[in-house]
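A.B. asks: After the structure tokens below, expect a handful of questions from me.
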Amino acid sequence: METVKVALLWRADSQVRRNATPQNNRLNRVFEALAALGVHAEPAVYSDVRAHKLREQLLKVDGVLVWVDPIAGGQNRIILDAMLRDVASKGILVSAHPDVILKMGVKQVLHRTKHLGWGGDTHLYLTVRSFREEFPLRLQSAGPRVLKQNRGNGGEGVWKVELVSPFAHENAIVRILHARRSSVPEDMPLGDFMRRCEAYFAAEGCVVDQPFQPRLPEGMIRCYMAAQQVVGFGHQFIKALIPPPPEGPDSQAAQPGPRIMHPAWSPTFQTLRTKMESEWTPQMMQLLDINADSLPIIWDADFLYGPHTASGEDTYVLCEINVSSVLPFPEQAPSEIARVAVARLLPSKKTQPSAPPGGK
């Protein structure tokens, strides 16, 4: 049987591409874990202008694992995703596949899966008209809300909105706070804010509407998954959607705390682990029509603490699923990434006919 070959793909400039080795990048431990299982792993440094050359490289491997944000530095994944779909159509494993990202890695998934137990009072606006008609009433009746555009990262297009005026109408004053770092609260007419959000509906976009979680200051729990298995947790005291301190939005006090990594067996998160592995992930896969071999090899789900139960136990509210570029991750993750990748690739290698002696 031939050696399994895998490319690890990320976006960077030409200088990084020329100097790239398995050792000098943030994925070095994934390279090490793959090598330990006998896999030949190689860097595939991507840029839109080199998409054709990268395609040639990817057609010579058995699989490609991708770490590229949906939006970053004014760039998107339109060209990359088209190339990855083409490569996947030739029988190359692509994880995460762009079509799976569109099912899992967009904010709309929060609405589609809200009944699984990690959601709740989540709503979806597919048009500007529905947004303008429904959101004011919901804001007035349900209290502070969090609006999220369908695709984005780094807090872009995520807003906390609370009503300042007694009643919600076009000229009512709302207090808004963007989730992007260094943002400050701003008071403005509700109609003006909704017009600002109209751009999120372009190109078949949408807006998801969730209740603001009062326990946000207690931090966010990131649950890291290797396919269907939890491989660790990260707990972080985030500052997004929390008004900055008196020192200002760029002060040290306004910066998020470090993400503290915990192993999958951490006693603190065993309830969440059980729900993710035994309930929520299988249910999500069935609902979104994602089979086990298509589930991303590495992904994560971000949770906020929801209301306590009557007996005082924690509940969890899903606020995002990250599929496109999961970094950093717990120390246990690289070995599990490698294990899942090999498990998916070896059956296809075994079924391939051996090359004739002296042939290619």
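A.B. asks: Quick check: convex hull over the Cα atoms of the range 106-167, volume per residue in Å³, rounded to an integer?
C.D. replies: 98
A.B. asks: Turning to a different aspect of this structure: Of all the Cα-Cα pairs you can form in the range 293-346, what percent are over 12 Å apart? Can you show the working numbers first?
C.D. replies: On the way: 1039 of 1431 pairs.
It works out to 73 percent of all Cα pairs.
A.B. asks: Here is a further query. In the range 1-126, how many lysine pairs have Cα atoms under 28 Å apart, counting only pairs 8 or more places apart or on different chains?
C.D. replies: Lysine pairs meeting both conditions in the range 1-126 amount to 9.
A.B. asks: Next up: I want the antiparallel fraction of DSSP beta bridges within the chain, as a percent rounded to 5.
C.D. replies: DSSP beta bridges in the chain are roughly 75 percent antiparallel.
A.B. asks: Let me have the relative contact order for the range 192-305, percent, based on Cα pairs under 8 Å that are six or more residues apart.
C.D. replies: 35
A.B. asks: Turning to a different aspect of this structure: Using the Kirkwood radius built from alpha carbon pairs, what does the Stokes-Einstein equation give as D for the range 114-203 at 10 °C and 1.306 mPa s, in µm² per second?
C.D. replies: 116
A.B. asks: At a 1.4 Å probe radius, carbon and sulfur cover how many percent of the accessible area of the chain? The partial results should precede the final answer.
C.D. replies: Details: 8980 of 17090 Å².
Its accessible area is 53 percent carbon and sulfur atoms.
A.B. asks: Additional query: Once you have all Cα-Cα distances for the range 164-305, histogram them in 5 Å bins from zero and send the whole-percent values.
C.D. replies: Spelled out per bin, shortest first, that is 2, 8, 13, 14, 15, 16, 13, 10, 7, 2, 0.
A.B. asks: Also, quick follow-up: Using 1/(1 + (r/R0)^6) with R0 = 22 angstrom and r between the beta carbons of HIS115 and GLN228, what's the FRET efficiency to the nearest 0.05?
C.D. replies: So the FRET efficiency works out to roughly 0.65.
A.B. asks: Let me check I have the definition right: for the range 97-255, take the eigenvalues of the Cα gyration tensor, multiply each by 5, take square roots. What are those semi-axes in whole Å, largest first?
C.D. replies: That gives 26, 22, 14 Å for the three semi-axes.
A.B. asks: Let me ask something else. Determine the calculated [θ] at 222 nm for the chain from helices alone, applying -39500 (n - 2.57) to every DSSP H run no shorter than 4 residues and normalising by the residue count; nearest 500 deg cm²/dmol. Display every interim value, and only then the final one.
C.D. replies: On the way: 11 runs with 103 residues, N = 360.
Computed mean residue ellipticity for the chain: -8000 deg cm²/dmol.
A.B. asks: Can you give me the Rg/Rh ratio for the chain, using Cα atoms for both radii and the Kirkwood formula for Rh?
C.D. replies: Here the Rg-to-Rh quotient is 1.00.
A.B. asks: With labels modelled as points extended 7 Å from the Cα through the Cβ direction, what inter-label distance (nm, one decimal) is found for LYS60 paired with ALA343?
C.D. replies: Placing both labels 7 Å along Cα→Cβ, they lie 3.1 nm apart.
A.B. asks: Residue by residue through the range 270-280, which ³J(HN,Hα) values in whole Hz follow from phi under the Karplus form 6.51 cos²θ - 1.76 cosθ + 1.60 (θ = phi - 60°), with glycine and proline marked x?
C.D. replies: Once θ is set to phi - 60°, the couplings for the range 270-280 become 5, 4, 5, 4, 4, 5, 5, 7, 9, 10, 5 Hz.
A.B. asks: A further question follows. Please compute, for the alpha-carbon atoms of the range 15-104, the extent along each of the three principal axes and give them in descending order in Å.
C.D. replies: If we take the Cα atoms of the range 15-104, the spans are 32, 30, 26 Å.
A.B. asks: Next question. R0 = 45 Å: FRET efficiency of ARG175 with GLU32, Cβ-based, nearest 0.05?
C.D. replies: 0.40
A.B. asks: For the range 32-156, evaluate the Debye formula with one uniform point scatterer on each Cα (no solvent term) and list log10 I(q)/I(0) at q = 0.20, 0.21 Å⁻¹, rounded to two decimals.
C.D. replies: For the range 32-156 at q = 0.20, 0.21 Å⁻¹, log10 I(q)/I(0) is -1.16, -1.23.
A.B. asks: What translational D, rounded to a whole number of µm²/s, comes out for the range 254-317 from Stokes-Einstein when the hydrodynamic radius is the Kirkwood one over Cα pairs, at 4 °C and 1.567 mPa s?
C.D. replies: On the way: Rh = 14.1 Å.
Answer from the Stokes-Einstein relation: 92 µm²/s.
A.B. asks: Please determine, in degrees from 0 to 90 and to the nearest 10, the orientation of helix 128-142 with respect to the longest principal axis defined by the Cα atoms of the chain, where the helix direction is its Cα long axis.
C.D. replies: It is inclined by approximately 60 degrees.
A.B. asks: Hey, another quick one. Pairs of alpha-carbon atoms within less than 8 angstrom and 6+ residues apart define the contacts here; what relative contact order does the chain have, in percent?
C.D. replies: 18
The values are calculated or read from the model by the stated rules, or taken from the named source; none is laboratory data. Here the structure is a predicted model, which means the values were calculated and not measured. Reconstructed Cβ throughout: ideal geometry from the backbone, glycine too, with neighbour counts over all protein chains shown. Surface accessibility is based on the protein's heavy atoms, side chains included, excluding ligands, DNA and RNA. Shrake-Rupley method; radii C 1.70, N 1.55, O 1.52, S 1.80 Å.
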